[in-house]
Amino acid sequence: MQRRKPELGKYLLWLHFSKSKQIRPYLPATRRMNREAFLAYLRRYRMIYAKPSGGSRGIGIMKVWSKDDRVFVKKTVLPTRSFASSEAAFRYVHEQQNGKPYIVQQGLQLATINGHVFDVRVMVQRTVPGGVWKYSGMLAKIAGKSSVVTNVALSKGSVLEIETALKKAFGWNRETVHQKVTLLKNVALAAANHFDTYQKYRELGFDMAFDSKGRLWMIEQNTGPSHPLFKRLKSNLQMWRLIEYRYGQYQRALRRKQR
């Protein structure tokens, strides 16, 4: 039996995907967190995110931005802190790291729905070990009030069908929405196939987002994506059922292979 490789942290994941000419245009600039990277990114982008390298579910994420002569830091759903300098803001962020490795990432002005930012979870799965990747579903994750993350449970946010979300956010017509949904599918499948050059998984969840100008970005890659997230979308439970069915198909195929 082939031994599994270790899970990649966020920075190594970014490096892995940045090697793909097809995926790289969708990746926000990312570096390992240190003082130099923090200050350089804040000067260049004016807004950045500090994220735990091995974190999940939005825990520990901090949004940092400069405005006028102040620098602001907001951690998940906590109140915003204000600092007189970038150095002071970095010291605070460094304290919040608690010795854990972090990345610093280019900040994006994400599209909003009624003032709430949102991103898109795209799920792809295999039905047999080593089989082809299949698109299983996607939905929009809308951040809760005053949250810097779109994790539904942490931010007390909500989910919405992707077509409805794109129409509300941009006012796009049906044809444009269809084109954007197709792009989301294609980028997710391309990323899944590129992931195979490191290690093969049974399912992957990609968090992608459109910025305020309609440009698509890939924010996160999840090797253990949530199924119950799709159960929240009451208007399309058949999507959740398909995800569960394909997961079961894979499990049965794996048992047959191991006999």
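We did not get these values from a lab; they are worked out from the coordinates using the rules stated. Computed from a prediction, not measured in an experiment: that's the story for all the values here. Here the Cβ positions follow ideal geometry from the backbone for every residue, glycine too, while neighbour counts run over all protein chains shown.
In what order do TYR26, TYR92 fall by count of nearby beta-carbon atoms within 10 Å, going from fewest to most?
TYR92, TYR26
Can you tell me which of LEU27, LEU237, LEU204 moves the most in a GNM of the chain? Springs connect C-alpha atoms under 10 Å apart.
In the Gaussian network model the winner is LEU237.
In a Gaussian network model over the chain where Cα atoms closer than 10 Å are linked, find which of LYS234, LYS75, LYS21 has the largest mean-square fluctuation.
Comparing LYS234, LYS75, LYS21 in the GNM, the peak value goes to LYS21.
Could you give the length gained on full extension between ALA88 and ARG44, defined as 0.36 nm per residue of separation minus the Cα-Cα distance, in nm?
Extra length available between ALA88 and ARG44 comes to 14.1 nm.
Running a GNM on the chain with Cα contacts under 10 Å, which residue among MET239, MET218, MET208 ends up with the highest mean-square fluctuation?
Comparing MET239, MET218, MET208 in a Gaussian network model of the chain, the most mobile one is MET239.
List the aspartates and glutamates whose Cα lies under 18 Å from the Cα of LYS168, skipping any in the same chain that are fewer than 8 positions away.
ASP119, ASP211
Please order TRP133, TRP172 by the number of other Cβ within 10 Å, starting at the fewest.
Ordered by Cβ neighbours within 10 Å, fewest first: TRP172, TRP133.
Going by how many other Cβ atoms sit within 10 Å of their own, how do ILE219, ILE59 line up, fewest first?
So the ranking, lowest neighbour count to highest, is ILE59, ILE219.
Which distance in Å, rounded to a whole number, links the C-alpha centroids of the stretch 85-148 and the stretch 158-201?
15
Calculate how steeply helix 35-45 sits against the longest principal axis of the alpha-carbon atoms of the chain, using the helix alpha-carbon long axis, and give the answer as 0 to 90 degrees to the nearest 10.
90
What whole-number value in cubic angstrom gives the convex hull volume per residue for the C-alpha atoms of the chain? Write down the numbers at each step before the final one.
Values: hull volume 34.6 nm³, N = 259.
It is 134 Å³ per residue.
Which of the lysines could a cross-linker span from LYS134 if the Cα-Cα distance has to be under 27 Å and same-chain partners fewer than 8 positions apart are dropped?
Of all the lysines, those that pass the test against LYS134 - Cα under 27 Å, at least 8 places apart if same chain - are LYS5, LYS10, LYS19, LYS21, LYS167, LYS180, LYS185, LYS200, LYS231, LYS234, LYS257.
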